[in-house]
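As structure tokens, the structure follows; a few thoughts come after it.
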Number of protein chains: 4
Amino acid sequence: MNRHHPFSLQVRVYYEDTDAGGVVYHSNYVNFMERARTEWLRSFGFSNSGMMKELGTMFVVRALKVDYLKPAMLDDLLSITVQVKDIGRSRLTLLQSVQRDDVLLTEGEVHLVCVTADTFKPVSVPDVLRKQWS
Amino acid sequence: MNRHHPFSLQVRVYYEDTDAGGVVYHSNYVNFMERARTEWLRSFGFSNSGMMKELGTMFVVRALKVDYLKPAMLDDLLSITVQVKDIGRSRLTLLQSVQRDDVLLTEGEVHLVCVTADTFKPVSVPDVLRKQWS
Amino acid sequence: MNRHHPFSLQVRVYYEDTDAGGVVYHSNYVNFMERARTEWLRSFGFSNSGMMKELGTMFVVRALKVDYLKPAMLDDLLSITVQVKDIGRSRLTLLQSVQRDDVLLTEGEVHLVCVTADTFKPVSVPDVLRKQWS
Amino acid sequence: MNRHHPFSLQVRVYYEDTDAGGVVYHSNYVNFMERARTEWLRSFGFSNSGMMKELGTMFVVRALKVDYLKPAMLDDLLSITVQVKDIGRSRLTLLQSVQRDDVLLTEGEVHLVCVTADTFKPVSVPDVLRKQWS
């Protein structure tokens, strides 16, 4: 798991993900990206709920940018990737993509902030994670 | 507000509510019904969050039945109704419908239980509400 | 794959599936059930879109009943099952469940009708499927 | 309706919009923005489905940027605004915001492209709309 070999999660497109235009509804790619970030975090030993209980922290989305290049369709099997672009004290920038086979459908850049689970105050990214992401 | 004049909330159908079949996705009618229950509760002076804070209680869905008669489409303006069918100590049964103009599209029956917000233990429906619903 | 060994799909609970009550939002179990039906259909050789293109038919939900027994939580890994209860000419009744390990969380009964993809007229369940479900 | 007085749609936050973090799930602000764009378009005489049928065109999202400043909570009544930033031949850039009372919660910039409803080919923004937006 490093910058050169991005993490990837497979996601199947169901009816719930599509809209009357016949394609995946644009905000659902944002959900797919969050699913992939969750599994990527799990690959480093932390579930969302575990991170809250054990470390008292969580990652929240501070900003995102999405480019829609080609539509995904019902029944598609998609790969959602996650790659660290940059890491600050409490901030983490990820590059994400949605692909069908080798075709790039959507690109995303997501800015996360590590915060305390109770007061949402920014705190340092836990060292155990920073070490693996730097 | 009584059994003979059901409460009604207007809901517009947006792209997010539809699927690739060109109609409203079947579970989204269940969301529409929850929106109407929330506004119906508000018409008696309680928001969901207010009920949690002031009374320490909330309503949770214990069971539901939905009949799909006719599909709703993109841009439809729907009326979602709420009517008390039956009320027990901690249990409340509601009849709900989704209509477009005078056409009945979907019928629902929803069984709610009043529970404590922290431990989810069944408690009596607050008297202030029971009085108005009986 | 028969009545005695129900089909099962694993579904992970993500933030998008939960609500401010801290548990899975009640209509999302209905989505999970639809995902499992889709994969169950695929196990018999038909995608939703393939069935539309090749046979000109689709299954639509005519009615559903859901019992909520215990809540599912963030990060849970759920099993969603599908089992044929009954099959008519154009009608199909399925029993579905949501389980975490061996704990039953939700039970559903879903009535589907096989219809033409263009006019939504009821038609016979395709023989190739009926044979395997009877 | 012009650049100096942005269009605004009121949206209530329901359970379905929130997540286990106790706030509105980040992709749902993107849905709220789409609802506001749809009502904004309607204020110029076009529904989404009407535009498809009458003009054979639709707007699709080509890119979006969202900044999350403060969270929205269950039961909040939000104002979602729409303002034209820039208009090209087939491209339209909108500025959008999510506000609670006078507090800015979320800012968005959405790039739309006007396309044919059947082949998704870029076409000129209909003159009847361009005139009012320029």
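No lab work stands behind these numbers, since they all come straight from the coordinates. If you're wondering where the values come from, they're calculated on a predicted model, not measured in any experiment. Cβ coordinates were reconstructed from backbone atoms using ideal geometry, including for glycine residues, and neighbour counts include every protein chain displayed.
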Check your understanding: By average Cβ neighbour count within 10 Å, what is the ranking of B:55-63, A:72-80 from highest down?
Key -> A:72-80, B:55-63
Check your understanding: Which whole number gives the average count of other chain Cβ atoms within 10 Å of the Cβ atoms across peptide B:55-65?
Key -> 4
Check your understanding: Got a sec to turn the phi values of the stretch B:12-22 into Karplus ³J(HN,Hα) couplings, 6.51 cos²θ - 1.76 cosθ + 1.60 with θ = phi - 60°, whole Hz, x for Gly and Pro?
Key -> 8, 8, 10, 3, 4, 8, 9, 9, 5, x, x
Review point. Whole number please: convex hull volume per residue of the Cα set in the protein assembly as shown, in Å³?
Key: 162 Å³
Practice item. For the stretch D:7-133, list log₁₀ I(q)/I(0) at each q in 0.12, 0.14, 0.15, 0.19 Å⁻¹, using the Debye formula over Cα point scatterers of equal strength and ignoring solvent, two decimals each. Key: -0.47, -0.63, -0.71, -1.02
Study note, to complete from the structure: Cross-link reach from C:K53 to lysines, straight Cα distance under 19 Å and at least 8 residues apart if same chain, gives C:K121
Review point. How many Cβ atoms of partner chains, on average, are near each residue of A:108-117 if near means within 10 Å of its Cβ?
Key: 1
**Study point:** Inter-copy label distances at C:L95 (7 Å, Cα→Cβ; nm, one decimal)
**Key:** 3.0, 5.2, 6.0
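Write out the chymotrypsin sites (Phe, Trp or Tyr not before Pro) in the stretch A:9-50 meeting two conditions: DSSP loop, and at most 16 other Cβ atoms within 10 Å of their Cβ. Can you show the working numbers first?
Values: sites: A:Y14, A:Y15, A:Y25, A:Y29, A:F32, A:W40, A:F44, A:F46; in loops: A:Y14, A:Y25, A:F44, A:F46.
Those satisfying the criteria are A:F44.
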Point to revise | Those lysines that a straight Cα-Cα span of less than 21 Å connects to C:K85, excepting residues fewer than 8 apart in one chain | key: B:K65, C:K65, C:K131
Study note, to complete from the structure: CD proxy, 222 nm, chain C: helix-only mean residue ellipticity via -39,500 (n - 2.57) per DSSP H run with n ≥ 4, per residue, nearest 500, stands at -6500 deg cm²/dmol
Practice item. Among A:V103, A:V30, A:V11, determine the one that fluctuates most according to a GNM of chain A built with springs between C-alpha atoms less than 10 Å apart. Key: A:V103
Practice item. Taking chain A as the reference, fit the longest principal axis to its C-alpha atoms, fit the long axis of helix A:28-42 to the helix C-alpha atoms, and give the angle between the two in degrees, 0 to 90, nearest 10. Key: 40 degrees
